[in-house]
Amino acid sequence: MRAFLPTEVPRDVIEEILRVAARAPSGTNTQPWQVHVLTGAAKQRFSARIQAAFDDPAELATHQEEYAYYPREWAAPYIDRRRKVGWDLYGLLGIGKTDKARMHDQHGRNYQFFDAPVGLVFSIDRVMQQGSWLDYGMFLQNIMIAARARGLHTCPQAAFTQFHRLIADELRLRPEQMLVCGMALGYADPAAVENSLVTERAPVAEFTRFLAD
């Protein structure tokens with residue numbers, strides 16, 4: 001979901017979602033996840049700081065991702081899927097391919113957590129390796145599923161990774177902590193056209209091999 005209602009989410013509900021999500025499996029039960037929950041003035045201050053950097057071209061140029069979420073060189077079919085979902089979303093919003101200003105504004109909504117009342121930011125200790133990041137993905141999906149079971153929606157967001165230095169300062173992360181991603185949590189706005197987007201999925205036959213003999 002990319003548009004949320006301002007309806008508050010009670011703290012006990014957030015804690016319950018995280019408690020359920022923490023049952024995610026992890027190698028030797030290391031539980032590598034670290035969660036920073038932003039609401040109210042803290043969320044507003046966090047968003048305003050990142051939005052200011054995003055809107056300033058000179059400042060924006062000084063910020064780079066700390067890890068490569070996406071491939072450095074794209075290839076089919078991944079680039080085709082990426083382009084399609086982007087233009088499907090922009091098509092719903094009436095944003096044309098040459099409308100750079102509106103593209104910028106839409107991307108910037110990430111840093112407001114799409115107006116969700118709760119922003120989640122995730123970090124991991126740098127000593128942890130690739131296996132722990134696999135574990136982390138199961139934890140993140142558990143949050144998303146547990147939220148749906150309680151009538152809430154989410155939007156996981158890699159868009160924050162570019163601003164890891166600002167986020168580390170704002171959240172007072174320790175040097176050994178590394179930003180993973182963010183996530184919006186709240187009640188989806190049913191009237192928002194962008195929330196009607198249904199992404200395509202490849203058929204099972206396209207990504208699966210069955211070997212029996």
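The values are calculated or read from the model by the stated rules, or taken from the named source; none is laboratory data. None of these values were measured; they are calculated from a predicted model. We place every Cβ from the backbone using ideal geometry, glycine too, and count neighbours over all the protein chains shown. Note: accessible area is taken over every heavy atom of the protein model, side chains too, but ligands, DNA and RNA are not part of it. Shrake-Rupley method; radii C 1.70, N 1.55, O 1.52, S 1.80 Å.
So here's what we get for this one:
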| item | result |
| --- | --- |
| Qualifying residue in segment 2-23 (condition: among the basic types (Lys, Arg), closer than 22 Å to MET103 by Cα and in contact with a strand residue (DSSP E or B) (Cβ under 8 Å, 6 or more places away or on another chain)) | yes |
| Residue list for segment 14-42, filter: within 20 Å of ASP125 (Cβ to Cβ), open to solvent by 30 Å² or more (accessible area, probe 1.4 Å) and under 17 Å from the mean Cα position of the chain (by Cα) | LEU18, TRP33, GLN34, VAL35, HIS36, VAL37 |
| Residue in segment 195-209 that is without any contact (Cβ under 8 Å) to a residue 60 or more places away in the chain, among the aromatic types (Phe, Trp, Tyr) and assigned to a helix (DSSP H, G or I) present | yes |
| Among the residues listed as GLU170, GLU200, the single one being open to solvent by 20 Å² or more (accessible area, probe 1.4 Å) and within 24 Å of PRO77 (Cα to Cα) | GLU200 |
| From the options ARG11, ARG82, ARG45, residue that is in contact (Cβ under 8 Å) with a residue 60 or more places away in the chain, out of contact with any Gly (no Cβ under 9 Å at 6 or more places or on another chain) and open to solvent by 60 Å² or more (accessible area, probe 1.4 Å) | ARG45 |
| Flag for VAL180 being loosely packed, with under 13 Cβ neighbours inside 10 Å, of a type in the set (A, V, I, L, M, F, W, C) and touching a residue at least 12 places away in the same chain (Cβ under 8 Å) | no |
